[in-house]
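Below: the structure, in structure tokens.
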Amino acid sequence: MIDMKGKKALVLGIANKHSIAYGIAKALKEQGADLALSYVGAPILKRIKPIAEELETDMLFECDVTKENDLKHLMGEISKQWEQIDYIVHSIAFAPRSDLNIPFHETSRHGFLTAMDISVYSLLAVIRAAQSLLVPGSSVITLTYYGAQKVVPSYGVMGIAKAALEASVRYLAHSMGEKGVRVNAISAGPMKTLSSSAIGGISQAQRRIEKGAPLARNIEQEDIAKTALYLLSDLASGVTGDLIFVDAGMSVMAY
Ligand SMILES: NC(=O)c1ccc[n+]([C@@H]2O[C@H](COP(=O)([O-])OP(=O)(O)OC[C@H]3O[C@@H](n4cnc5c(N)ncnc54)[C@H](O)[C@@H]3O)[C@@H](O)[C@H]2O)c1
């Protein structure tokens, strides 16, 4: 589909085979890219090890994105094997379960700051830590959701975090633009994953999409992965600071 032979791709955020990041990593591998994967926590290591084997990479590193030292260590390890990073996939988000599915004004300060740190600040932190490995033409993508733009009651504090993430993409596109590095976001329709299981109403949202979206179906990992390939690759050489909806068209509907 797209020749990515020898391109170096860092993918953050695979928890298991349902992860959006897994679909993107698999597609990158199929196009010939070399992969480095990062994960957080021992339970995830168990699941990601066989995934790394399947994707034929031994570049598997633990990195909690809230820890500057972990980020430094990750980029240090990568720089031992790669001279540059062509693609970064940031597919990470978190809010404490107790701060989801509650009236928004009940969100705790801790929950708000945690969501912002892991789901928003981490994008800047990753790019900054990777800076010396990024080259003109390098491309970064992150994942967001429509709850950034319209109220999705169960999404709560994550909606605010995603709004900040989308604004960060625009500001990062500007600040990294001088170096020729592009930064974009994909706004994905609802998918059943580890993270989304913490947010209520996914099944109902998916049923509404089947009935009401222009394409009358839910999206699959592959739909997102194909748009990711486009944004990461040179096909999108003039695109930065942008947001592409991969949601079967649901976001264009008023009701
Ligand atoms: N699933 C959906 O419906 C949907 C829709 C739109 C956008 N998204 C976004 O897609 C991205 C990926 O989510 P997903 O649905 O694939 O779920 P997922 O649970 O598979 O992925 C989320 C990842 O974030 C990682 N993570 C959490 N805290 C971390 C930390 N401190 N350091 C490093 N990694 C950490 C988790 O380990 C996990 O791998 C998220 O940004 C999510 O908001 C998901």
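The values are calculated or read from the model by the stated rules, or taken from the named source; none is laboratory data. Predicted, not measured: the structure shown is a model, and the values here were computed from it. Here the Cβ positions follow ideal geometry from the backbone for every residue, glycine too, while neighbour counts run over all protein chains shown.
Could you check region 158-190 and list, in sequence order, the residues that are part of a helix (DSSP H, G or I) and either within 14 Å of the ligand (Cβ to nearest atom) or among the aromatic types (Phe, Trp, Tyr) (or both)?
MET158, GLY159, ILE160, ALA161, LYS162, ALA163, ALA164, LEU165, GLU166, SER168, VAL169, TYR171 - these are the residues of region 158-190 that are part of a helix (DSSP H, G or I) and either within 14 Å of the ligand (Cβ to nearest atom) or among the aromatic types (Phe, Trp, Tyr) (or both).
Might you let me know whether region 71-78 holds any residue that is assigned to a strand (DSSP E or B), more than 19 Å from the chain's Cα centre (by Cα) and not acidic (Asp, Glu)? Walk me through it before giving the result.
Here is the first cut: in region 71-78, the residues assigned to a strand (DSSP E or B) are none.
Within region 71-78, not a single residue is assigned to a strand (DSSP E or B), more than 19 Å from the chain's Cα centre (by Cα) and not acidic (Asp, Glu).
May I ask you to say which residue of ILE48, ILE2 is part of a loop (DSSP other than H, G, I, E, B), surrounded by 15 or more Cβ atoms within 10 Å (Cβ to Cβ) and either in contact with a strand residue (DSSP E or B) (Cβ under 7 Å, 6 or more places away or on another chain) or at pLDDT below 95 (or both)? Break it down stepwise before answering.
Details: ILE48 fails: part of a loop (DSSP other than H, G, I, E, B).
Answer to the selection: ILE2.
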THR227 passes all but one of (1) of a type outside the set (A, V, I, L, M); (2) outside any helix (DSSP H, G or I); (3) within 24 Å of HIS18 (Cβ to Cβ); (4) under 17 Å from the mean Cα position of the chain (by Cα); which number fails? (2)
Evaluate the following for ALA95: is it surrounded by 22 or more Cβ atoms within 10 Å (Cβ to Cβ) and within 15 Å of the ligand (Cβ to nearest atom)? yes
Considering residues that are more than 30 Å from LYS150 (Cβ to Cβ), hydroxyl-bearing (Ser, Thr, Tyr) and outside any strand (DSSP E or B), the number found within region 104-138 is 1
Within 16 Å of the ligand (Cβ to nearest atom) and out of contact with any strand residue (DSSP E or B) (no Cβ under 9 Å at 6 or more places or on another chain) - does that describe any residue in region 74-90? no
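Within region 55-66, does at least one residue satisfy the condition of being surrounded by fewer than 23 Cβ atoms within 10 Å (Cβ to Cβ) and free of Cβ contacts under 8 Å to residues at least 12 places away in the same chain?
From region 55-66, those surrounded by fewer than 23 Cβ atoms within 10 Å (Cβ to Cβ) are 55-62, 64, 66; that's our starting set.
Those left that are additionally free of Cβ contacts under 8 Å to residues at least 12 places away in the same chain: 58.
Yes, the conditions are met somewhere in region 55-66.
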